[in-house]
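Scroll down for the structure; my scribbles are underneath it.
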Amino acid sequence: MISVIIPAHNEEKYIERCLKSIDAAIDYSSEDVEKIVVLNRCNDGTANIARRYGSIIVNEDARNLAKIRNSGAAQAKGDIILTIDADSWVTKTVFTEIVRLLKTGKFIGGGTMIVPERFSIGIFFSALVIMPFLLKHRVSAGAFWCYKKDFDKIGGFNENLLSVEDVDFAVRLREFGKKYGKRFTTLRRNFIYTSCRKFDQFGDWFLFKNPKFVKSILSGKDLKSADLFYYNVRSESDNNK
């Protein structure tokens with residue numbers, strides 16, 4: 001079985017598209033799949049949408065994405081874990097490729113390639129600001145997949161980090177795999193699409209124009225920046241009140 005972990009903080013605008021894409025991948029695959037939605041301080045319709053799509057509901061109110069992801073993984077019954085954000089969606093053959101790669105015994109797990117839902121010059125240059133960080137660590141991001149036993153052995157996501165917990169997880173998974181002669185890899189036949197809501201909210205050029213903010217986010221330790229960018233983001237329903 002594959003357990004898909006989806007953190008969700010006021011995601012009623014996005015999560016249905018995510019869940020629909022997962023169901024399409026389930027229909028294509030012969031694998032058993034469970035969807036686990038981790039509700040984080042939601043005051044919108046996220047929970048109702050998640051239940052409508054047969055998701056397992058977990059509640060975690062911490063302003064800490066690592067803890068939110070780990071809470072979902074703790075409830076997982078699958079022997080394979082896939083994490084994906086609620087504003088992203090997958091291609092239909094994703095489960096088939098993940099299972100195929102893991103069964104070869106050559107890979108410890110991996111990440112995915114990311115395709116934004118729209119492009120602009122500002123988004124391109126903002127991505128360039130973050131690229132050196134990813135190149136330094138030589139890992140992909142977006143969504144992560146591995147055997148649950150390996151997830152547990154490396155301690156899941158690092159709850160001491162307020163951001164970039166995903167990159168930290170990928171690095172530790174890669175290093176763990178090296179001990180057993182296995183590689184961290186990137187799904188290339190399958191990728192995730194993701195929303196550009198951060199750019200819609202802050203502006204396409206925001207990251208490029210605010211290198212100090214980017215540095216604080218990449219440190220993983222700055223609560224003020226993490227709150228602004230991740231944990232205290234107001235939902236559309238909040239903004240209309």
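The values are calculated or read from the model by the stated rules, or taken from the named source; none is laboratory data. Just so it is clear, the model here is predicted, and its values are computed rather than measured. All Cβ positions, glycine included, derive from the backbone under ideal geometry; neighbour counts span all protein chains shown.
Please work out which one of (1) in contact (Cβ under 8 Å) with a residue 40 or more places away in the chain; (2) closer than 27 Å to GLU159 by Cα; (3) buried (at least 22 other Cβ atoms within 10 Å of the Cβ) is the condition VAL38 fails and give its number.
Condition (1) is where VAL38 drops out.
Just checking, how many residues over region 36-73 are more than 16 Å from the chain's Cα centre (by Cα), among the small types (Gly, Ala, Ser) and assigned to a helix (DSSP H, G or I)?
Selection size over region 36-73: 2.
Could you check, for region 88-108, whether at least one of its residues is over 22 Å from VAL37 (Cβ atoms), hydroxyl-bearing (Ser, Thr, Tyr) and in contact with a strand residue (DSSP E or B) (Cβ under 8 Å, 6 or more places away or on another chain)?
yes
Just for region 23-32: of the residues that are buried (at least 18 other Cβ atoms within 10 Å of the Cβ) and touching a strand residue (DSSP E or B) at 6+ places or on another chain (Cβ under 8 Å), which one is farthest from GLU97 (Cα to Cα)?
Filtering region 23-32 down to residues buried (at least 18 other Cβ atoms within 10 Å of the Cβ) leaves 25-26, 29.
If we keep only those that are touching a strand residue (DSSP E or B) at 6+ places or on another chain (Cβ under 8 Å) too, we end up with 25-26.
Details: ALA25: 11, ILE26: 12 Å.
In this case the residue turns out to be ILE26.
Of the residues that make up region 195-205, is at least one farther than 22 Å from LEU228 by Cβ, under 17 Å from the mean Cα position of the chain (by Cα) and buried (at least 19 other Cβ atoms within 10 Å of the Cβ)? Write out each step before concluding.
Start the filter on region 195-205 by keeping residues that are farther than 22 Å from LEU228 by Cβ, which leaves none.
No, the conditions are met nowhere in region 195-205.
With respect to GLY142, is the statement that it is out of contact with any Leu (no Cβ under 8 Å at 6 or more places or on another chain) and modelled with pLDDT under 90 true?
Values: out of contact with any Leu (no Cβ under 8 Å at 6 or more places or on another chain): yes; modelled with pLDDT under 90: yes.
Yes: the conditions hold for GLY142.
Yes or no: region 15-29 includes at least one residue that is at pLDDT below 95 and part of a loop (DSSP other than H, G, I, E, B).
yes
I want to confirm something. Restricting to region 206-218 and keeping residues that are surrounded by 14 or more Cβ atoms within 10 Å (Cβ to Cβ) and without any contact (Cβ under 8 Å) to a residue 24 or more places away in the chain, which single residue is nearest to LEU161 (Cα to Cα)? Let's see the steps before the verdict.
Within region 206-218, the subset surrounded by 14 or more Cβ atoms within 10 Å (Cβ to Cβ) is 206-210, 213-214, 216-218.
When the remaining residues are screened for being without any contact (Cβ under 8 Å) to a residue 24 or more places away in the chain, the result is 209-210, 213, 216.
Details: LYS209: 24, ASN210: 21, PHE213: 16, SER216: 12 Å.
My answer is SER216.
Scan region 42-56 residue by residue and report those that are of a type outside the set (S, T, N, Q) and surrounded by 15 or more Cβ atoms within 10 Å (Cβ to Cβ). Step through it out loud before you land on a result.
Looking only at region 42-56, we keep the residues that are of a type outside the set (S, T, N, Q), and these are 42, 44-45, 47, 49-54, 56.
Result: CYS42, ASP44, GLY45, ALA47, ILE49, ALA50, TYR53, ILE56.
Determine, yes or no, whether GLY105 is under 20 Å from ALA66 (Cα atoms), out of contact with any Ser or Thr (no Cβ under 7 Å at 6 or more places or on another chain), touching a residue at least 24 places away in the same chain (Cβ under 8 Å) and not in a helix (DSSP H, G or I). It would help to see each step written out before you state the result.
Details: under 20 Å from ALA66 (Cα atoms): no; out of contact with any Ser or Thr (no Cβ under 7 Å at 6 or more places or on another chain): yes; touching a residue at least 24 places away in the same chain (Cβ under 8 Å): yes; not in a helix (DSSP H, G or I): yes.
So GLY105 does not fit the description; no.
Let me spell it out: the conditions are (1) in a loop (DSSP other than H, G, I, E, B); (2) crowded, with 23+ Cβ neighbours inside 10 Å, and PHE151 meets all of them except one. Which number is the exception?
Of everything listed in (1) in a loop (DSSP other than H, G, I, E, B); (2) crowded, with 23+ Cβ neighbours inside 10 Å, PHE151 misses just condition (1).
Looking at (1) surrounded by fewer than 22 Cβ atoms within 10 Å (Cβ to Cβ); (2) modelled with pLDDT of 95 or more; (3) closer than 26 Å to LEU223 by Cα; (4) in contact with a Phe, Trp or Tyr (Cβ under 7 Å, 6 or more places away or on another chain), which is the only condition ARG63 fails?
Only one criterion is unmet by ARG63, namely (2).
Restricting to region 79-112, and then to whatever is under 24 Å from CYS42 (Cβ atoms) and not β-branched (Val, Ile, Thr), can you tell me which residue is surrounded by the most Cβ atoms within 10 Å (Cβ to Cβ)? Before you say what the answer is, go through the steps one by one.
Filtering region 79-112 for residues under 24 Å from CYS42 (Cβ atoms) gives 81-90.
When the remaining residues are screened for being not β-branched (Val, Ile, Thr), the result is 82, 85-89.
Working: LEU82: 24, ASP85: 22, ALA86: 26, ASP87: 20, SER88: 22, TRP89: 24.
Filtering region 79-112 for residues that are under 24 Å from CYS42 (Cβ atoms) and not β-branched (Val, Ile, Thr), the one surrounded by the most Cβ atoms within 10 Å (Cβ to Cβ) comes out as ALA86.
If GLN201 satisfies all but one of (1) touching a helix residue (DSSP H, G or I) at 6+ places or on another chain (Cβ under 8 Å); (2) at pLDDT 80 or above; (3) assigned to a helix (DSSP H, G or I); (4) not acidic (Asp, Glu), what's the number of the condition it fails?
Answer for GLN201: the failing condition is (1).
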